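Report on one structure; see the data block that follows.
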Amino acid sequence: MTFGEQPAYLRVAGDLRKKIVDGLLPPHTRLPSQARIRQEYGVSDTVALEARKVLMAEGLVEGRSGSGTYVRERPVPRPIARSGYRPAGGATPFRQEQADGEVRGTWESRSEQAEASGAVAERLGVGPGERVMCTRYVFREGGEPMMLSTSWEPLALTGRTPVMLPEEGPLGGMGVVERMAAIDVVVDNVTEEVGARPGLAEELLALGGVPGHVVLVVQRTFYASGRPVETADVVVPADRYRVAYHLPVR
């Protein structure tokens, strides 16, 4: 193979991908069989199989037991709003969007005390094993899982206070800024780092994704005078959603 030349399986996968994108192989159409690919492109069984594996890993096709491989429906990506600070009222961006009568959004959560892992401890500026409140969320739109979130707050800060449980009590669900203000902690900064990786098996199961699909991960941390008071991982299926930021001009 000369420099710059693609392996045969990538050339075959590229041609099939183009047919899918251009609509020549529309959603729910059966992908040409391995034998058909071998014959049409003049390649070996191994090359034909590897080409199909590429398309499956990219989420363009899916296997159906006993039936074959079919082109998947390509969802139109929808935005998920992100914003560092919210207007008066305390609702998070997701809850603000769900106030729109055209949007049918719900969420559920579960909080439990846990020991901070090394990574979480580093993000919160506490020692590994220190007690934290861990809250896991599943957000849905029209009944479809759209986003997962796991947050951690140091119990050394919130323990034995009215805001120890993020979704319960007088300020349950009001957001980190408002809840911390209730215990005289002034949040003055928030950082978000966005990355992408293959989804974990349990994440894709919860989100209705296919093994190997990529997820966007927003790593968020709230600070008060430089001290981390909450950190969270927000996980979004990259094939269905885009993270949209609304940032104030200063």
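The values are calculated or read from the model by the stated rules, or taken from the named source; none is laboratory data. Everything numeric here is computed off the predicted structure, so don't read it as measured data. Glycine gets a Cβ as well: all are built from the backbone with ideal geometry, and neighbour counts include every protein chain shown. SASA here: full protein model, heavy atoms, side chains in, ligands and nucleic acids out. Shrake-Rupley method; radii C 1.70, N 1.55, O 1.52, S 1.80 Å.
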Between ARG131 and ARG78, what is the label-to-label distance in nm when each label sits 7 Å out along the Cα-to-Cβ direction? 4.0 nm
Around MET146, which amide H atoms from residues at least 5 apart in sequence, or from another chain, sit under 5 Å from its own amide H, with H modelled in the peptide plane? PHE139, ARG140, GLU141
For GLU130, which sequence-distant residues (separation of 5 or more, or a different chain) have an amide H within less than 5 Å of its own amide H, given hydrogens modelled in the peptide plane? ALA116
Share of segment 135-184's accessible area from carbon and sulfur, percent, 1.4 Å? 53 percent
What percentage of the solvent-accessible surface of segment 1-42, computed with a 1.4 Å probe over protein heavy atoms, is contributed by carbon and sulfur atoms? 53 percent
Cubic angstrom per residue, convex hull over Cα atoms of segment 1-69: 93 Å³
Which value, to two decimals, describes the C-alpha radius of gyration of segment 204-250 once divided by 2.2 N^0.38 Å? 1.52
Give the Cα extents of the chain along the principal axes, in whole Å, largest first. 72, 43, 41
For segment 28-44, Karplus-derived ³J(HN,Hα) couplings (6.51, -1.76, 1.60; θ = phi - 60°; whole Hz; x for glycine and proline) come out as 6, 7, 6, 5, x, 5, 4, 5, 5, 5, 4, 6, 5, 9, x, 10, 7
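Dipole magnitude of the chain about its Cα centre, charges +1 at Lys/Arg Cβ and -1 at Asp/Glu Cβ only, in debye to the nearest 20?
Taking the Cα centre of the chain as origin, the dipole is about 740 debye.
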Using only the alpha-carbon atoms of segment 113-250, report the extent along each of the three principal axes, biggest first, to the nearest angstrom. 43, 39, 27
Expressed as a percent, the accessible surface of segment 191-238 that is carbon or sulfur, using a 1.4 Å probe and the full set of protein chains, is 60 percent
Computed FRET value (nearest 0.05) for ALA244 with GLU40, which takes r as the C-beta separation and R₀ as 51 Å: 0.75
Accessible area per residue in Å² at 1.4 Å probe, computed on the chain: 55 Å²
The answer for the net charge of residues other than GLN34 whose Cβ lies under 13 angstrom from its Cβ, with Lys and Arg +1 and Asp and Glu -1, is +2
At what distance in angstrom do the alpha carbon centres of segment 66-82 and segment 110-169 lie from each other? 31 Å
Working from Cα positions, state the angle (0 to 90°, nearest 10) between the long axis of helix 8-21 and the longest principal axis of the chain. 70 degrees
